[in-house]
1. Stokes-Einstein D for segment 129-206 at 4 °C, 1.567 mPa s, Kirkwood Rh over Cα pairs, in µm²/s?
2. Give the separation of the Cα centroids, segment 230-282 to segment 60-124, in Å.
3. Running a GNM on the chain with Cα contacts under 10 Å, which residue among Glu44, Glu230, Glu214 ends up with the highest mean-square fluctuation?
4. For Glu318 and Asn296, calculate 0.36 nm times their separation in residues minus their Cα-Cα distance, and state this gained length in nm to one decimal.
5. Over its Cα atoms, what ratio of radius of gyration to 2.2 N^0.38 Å does segment 283-328 give?
6. Of the residues Pro226, Pro316, Pro238, which exhibits the maximal mean-square fluctuation in a Gaussian network model of the chain defined by a 10 Å Cα contact cut-off?
7. Could you tell me the center-to-center distance, by alpha carbons, between segment 298-335 and segment 157-212 in angstrom?
8. Where Rh is the Kirkwood radius over the Cα pairs of segment 76-215, the temperature 20 °C and the viscosity 1.002 mPa s, what D in µm²/s does Stokes-Einstein return?
Amino acid sequence: MTTALSSMPKAELHLHIEGTLEPELILALAARNGIAMPFPTLAELRAQYEFADLQSFLNLYYANMAVLVTAEDFADMTRAYLGRAQASGLRHVEIMFDPQAHLLRGVDLATAVNGIAGALAASEAEFGISTALIAAFLRDQSEASALEVLAELLAMDAPIVGIGLDSAEVGNPPSKFVRLYERARDAGLRLVAHAGEEGSPSYVWDALDLLDVERIDHGIRSMEDPALVERLAREQVPLTVCPLSNVRLRAVDVLAAHPLPAMLAARLNVCVNSDDPAYFGGYVDSNFQALVDEFNFDADTLATLAANSIRSSFAPEERKAELLAELAVWRAAQA
Ligand code: ADE
Ligand code: ZN
């Protein structure tokens, strides 16, 4: 890792906090909570991290959540991520969590929300990182379930800035969640959704037209549809791209075949994110490093990606201006 990359000020907008649970922390939390895990040693657990597709990853991701029981567990996981985020030069992060995944295994909303939000509340002072929290709904569950959980989050005044849509994409199109997004919009929440990761470009069209989202998480399959590319470029819709995730989940064969350079060439508003860094071989700095190694991105391209991440965030305008100014200083210091 070059110092320059990890000192470049940037934001991360596509990050599942449950996807930051490192194998060591999984086993430590299992021991603390007296939970017997199916893969009880580091070697056995690590041997599971080969994925054929999104679903094979999700199976392990949901199984490993069993170790999250108390608010302290959620706080420890969040603090560990923030420390790692600081080391990779992140200055603002917007993290998703999966409330339904915890409810389905008997952990109540307050435990998850209080644990995560408690750690986030100390983030600016402890790590110099501003934060926002997004509740992501599982698209392979019913809309009724999502509506019920959203109502509970609103009733408890959970400190969320917006909602997202994740989990198994194919067969669970945006059209299934129109009322959920209407309800969230009426409540003043910001709207994002995963689309075009494994799903066809029609999922991206529908996330924009039916759900009225402000950002698309992934969106890489948009490149198969020239009319969609034209629209995304014209409207500068932010796309939170996750290169190492796409390789590990076989959305692309190898990094060299990743569409990010073509997306940049098409003037799309793309930024670089780690998705589930404990599962996909690295945090956001590793994603940038892999891109530099593969595509030889220059300082201008890196700064464009970082500026896109800051501008596409839900941070207050003053915070964006502050971070863009820091980025300009970083850019000027590059040869
Ligand atoms: N949940 C966690 N990571 C995800 C991803 N990459 N796609 C869909 N759902 C997810
Ligand atoms: Zn994701």
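1. 101
2. Computed from Cα coordinates, the inter-centre distance equals 24 Å.
3. Among Glu44, Glu230, Glu214, the largest GNM mean-square fluctuation belongs to Glu44.
4. Working: separation 22, 0.36 × 22 = 7.92 nm, distance 3.24 nm.
Extending this stretch completely gives an extra 4.7 nm.
5. 1.25
6. Result for the chain, Cα springs under 10 Å: Pro316 fluctuates most.
7. 27
8. Using the Kirkwood radius from Cα pairs, D works out to 137 µm²/s.
Bear in mind that the values in this text are calculations on the coordinates, not laboratory data. Everything numeric in this text was worked out from a predicted model, so none of it was measured. We place every Cβ from the backbone using ideal geometry, glycine too, and count neighbours over all the protein chains shown.
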